[in-house]
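Everything on this sheet refers to the single structure shown next.
Each value in this text was obtained by applying a stated rule to the coordinates, not by laboratory testing. If you're wondering where the values come from, they're calculated on a predicted model, not measured in any experiment. Backbone-built Cβ (ideal geometry, glycine too); neighbour counts: all protein chains shown.
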Amino acid sequence: MGNQKGKGHMAKNHPACTKPLYGRTEWIILAGLLVLAASISAVLLPWAGHRFYRRPEPPLPFLEAQDTPGWELVLVNPWNRLPEGYQAPLQGLGGGEQIDRRCYGALQDMLDGCRAAGMEPLICSAYRSQDTQERLFAGQVELWTSQGVSLEEARAEAGKVVAVPGTSEHQLGLAVDIVDITNQILDESQENTPTQQWLMENSWKYGFILRYPNEKSGITGIIYEPWHYRYVGKEAAAEIYQQGLCLEEYLETREGTLP
């Protein structure tokens, strides 16, 4: 019997048989407190260490004309700078070149048509970043200053050949320089190549125009460039081609004012 009582005494003190620390009511209250604490933490945690942590700001929207009517007719020239914050929605062309994706299909169709006619067009320049434009412009300024002209004169002359950064259509992503594969020199000799003769006659059918035509430099502010094509849309391109206008003249007829 003594042994049996000892066993019973030990059983009463076994952890599994001891009285619970909390009753049902206490457990319900404790669970409620834990839920409340978790809710408060979820609210306050983002502010913990606020001095050292800041929620990232949402990215600023970039200006790309948002496909609104007239996006293809944005005017950029020596008197009209690229809209502040403008960023072209770009599409790769291969060879590291890019163009505004909204005229990508039209460009490809034009190049296919040119090749189908037996020509060999080659894109030598398309979209340019601000940094690229600055580098090209600085190189042209240096070329003029090396000839002994003042910096002011050098910048003025350079701007006729390479647009001042912020005033280049290449930064719009709507312009391409196209040459004939047999002549990749950007000078007036381009106008005599089969590729340029085809493009000058047919580019408007695809929504492109020769942007800087001969004898229009006084209006465009840029020298004659028989290789620089700008997308303006088929309707505008047809009118510009048929009436022998440059983009500035066309916009004047639409808006009644020159830039």
Only Cα pairs under 8 Å and at least 6 apart count here; give the relative contact order of the stretch 69-148 as a rounded whole percent.
18 percent
Kindly identify the stretch 61-187 as rounded, prolate or oblate by the Cα gyration tensor criterion: order the square roots of the eigenvalues as a ≥ b ≥ c, call it rounded if a/c is under 1.5, otherwise compare a/b with b/c, prolate if a/b is larger, else oblate.
oblate
Grab the other residues whose beta carbon is less than 13 angstrom from that of ARG155, score K and R as +1, D and E as -1, and report the net.
-4
Mind checking which aspartates and glutamates have their C-alpha under 14 Å from LYS205, skipping anything on the same chain fewer than 8 residues away?
ASP109, ASP112, GLU235, GLU239
Net charge of neighbours whose Cβ lies under 15 Å from the Cβ of GLU142, counting Lys and Arg as +1 and Asp and Glu as -1
-2
What order do you get for 244-252, 180-188 when each peptide is scored by the mean count of other beta carbon atoms within 10 Å, highest first?
244-252, 180-188
Counted charge near GLU252, where neighbours are those whose Cβ lies closer than 14 Å (Asp, Glu -1; Lys, Arg +1):
-2
